[in-house]
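Input: a single structure, listed below in structure tokens.
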Amino acid sequence: MMNDNLTTIVKVTDFCNLKCNYCSTQKSIVSKLMDETTLKNSIQKVLEFNQQEAIFIFHGGEPLLAGLEFYKKAIRFEERYNKKGLVIKNKLQTNGTILNKSLIDFLKSSNFKVGISLDGIKEIHDGNRRSKEGNGTFDFVNIKLKDLSVAGVDYGLLCVLTKKHLEREEETYVALKERSKRARLNFYLPIGKGADASASLNLKETDAVNILYKFYDLWVNDNDKFILSPFAEIVASMFGKANTVCEYNTNSCKNIISINSTGEVYSCGRSSGLNKFKMGNINEDSIQKILSSDIYKVKEDRKNDIKYKCFNCFYEEICQGGCGLEAYISKGSFSEKTSVCGVRFALFSHIYNHLKGLQNATN
């Protein structure tokens, strides 16, 4: 069944001004900036298809390399083609280094939610997130975070967890909390250009479990109103709310398409550039045709496949096998359980047992 409110990742470009160790961009991709026609078609076709709301996530590479005028055009296209009066939400994921006063003022006035990549601790961030010249970017990004805060821009942080964060969880947690009201933790995924760094960055399963336990315990015992994903969403899902973090719920994957700079449409942002996951081209195909592609059908079928394979799992309803791309990378099949099933099960159990303990203590 087609979803009638797609979240659209707009991969503005695969160009980037940094050279991060864990870059997920495919090596084979020829980088270019999205042109005006592709931007227009992306916005127009999604707004004509969606029924209640439309979320656009501008991503890269480094999306701000497209410049301020690109985003002003995006807003004009949204205003022109929003014939149904949909609720439109714009988000931007950036490394933060290109931000200037004009861009910040625009993001504020246009109500963009902004995600800034920051790996918490200066030493770890500068080791992973360097300029083309090999210089660390932590100090510069921190200046930009202060500028965003002063301007009143709604922003959060994205931290990629690697081996380097082991035994430094509390230091990382404090660093994130000091700089924003919300943050998200993602594990390093060995894909694209960053696959070569797997030996130095990828966490063993036991280490991944322990690092998540520590971050959850820090967060849940913190009385301040700091939002830390994916824990906030996982807790909510245990009380019946749908989990919107796609790595932790395969069903949310059906609501997402990713459009790259040439108009090619993929099943999600992380699969961009992998031909197996290409569903069409926004410059040539309707949304209906794209969602009728074999790849989208595989996404739909995965829920039924996983329901059978995870039948005896206590957390099947809130996980549904996890991320299909993770399964494909490690097992060669989109219909298998995520490769980090053991990690997810351990985390869910840790959270469930904690919540159960709180419930028992109040009875």
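The values are calculated or read from the model by the stated rules, or taken from the named source; none is laboratory data. Since this is a predicted model, take the numbers as computed values, not measurements. Cβ: placed from backbone, ideal geometry, glycine included. Neighbour counts: every protein chain shown. To get the accessible areas, we keep the full protein, side chains included, count just its heavy atoms, and leave off ligands, DNA and RNA. Shrake-Rupley method; radii C 1.70, N 1.55, O 1.52, S 1.80 Å.
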Relative contact order for the chain using alpha-carbon pairs under 8 Å, separation at least 6, rounded to a whole percent? 18
Candidates 161, 145, 274: whichever shows maximal mean-square fluctuation once the chain is modelled as a Gaussian network with Cα springs under 10 Å: 274
Amide H to amide H under 5 Å from residue 156: which residues, 5+ apart in sequence or cross-chain, H placed 1.01 Å off N in plane? 114, 115, 116
Using r as the Cβ-Cβ distance of residue 32 and residue 362, and R0 as 56 Å, what FRET efficiency do you calculate, to the nearest 0.05? 0.45
For the chain, what class follows from the C-alpha gyration tensor (a ≥ b ≥ c being the square roots of its eigenvalues): rounded when a/c is under 1.5, otherwise prolate if a/b is larger than b/c, else oblate? rounded
Enter the accessible area per residue of the chain (Å², integer; probe 1.4 Å; all protein chains in place). 46
By Kyte-Doolittle mean hydropathy of at least 0.0 and Cα axial length of at least 27 Å, which whole DSSP H helices of the chain are selected? 341-362
Protein chains only, probe 1.4 Å: how do 11, 72, 45 rank by accessible area, largest first? 72, 45, 11
Report, ordered by chain and residue number, the aspartates and glutamates lying within cross-link reach of residue 11, taken as a straight Cα distance under 18 Å and ignoring same-chain residues fewer than 8 apart. 35, 36, 62, 69, 78, 264, 284, 285
Share of carbon and sulfur in the accessible heavy-atom surface of the chain [1.4 Å probe, %]: 51
Please get the size of the charge dipole for the chain, origin at its Cα centre, with Cβ charges of +1 on Lys and Arg and -1 on Asp and Glu, quoted in debye to the nearest 20. 440
GNM on the chain, C-alpha springs below 10 Å: top fluctuator among 77, 56, 239? 239
Using DSSP loop states and a limit of at most 16 other Cβ atoms within 10 Å to flag GluC sites (Glu not before Pro), what is the longest stretch of the chain containing no flagged site? 1-132
Alpha carbon centroid spacing (whole Å) that separates the stretch 289-361 from the stretch 18-69: 27
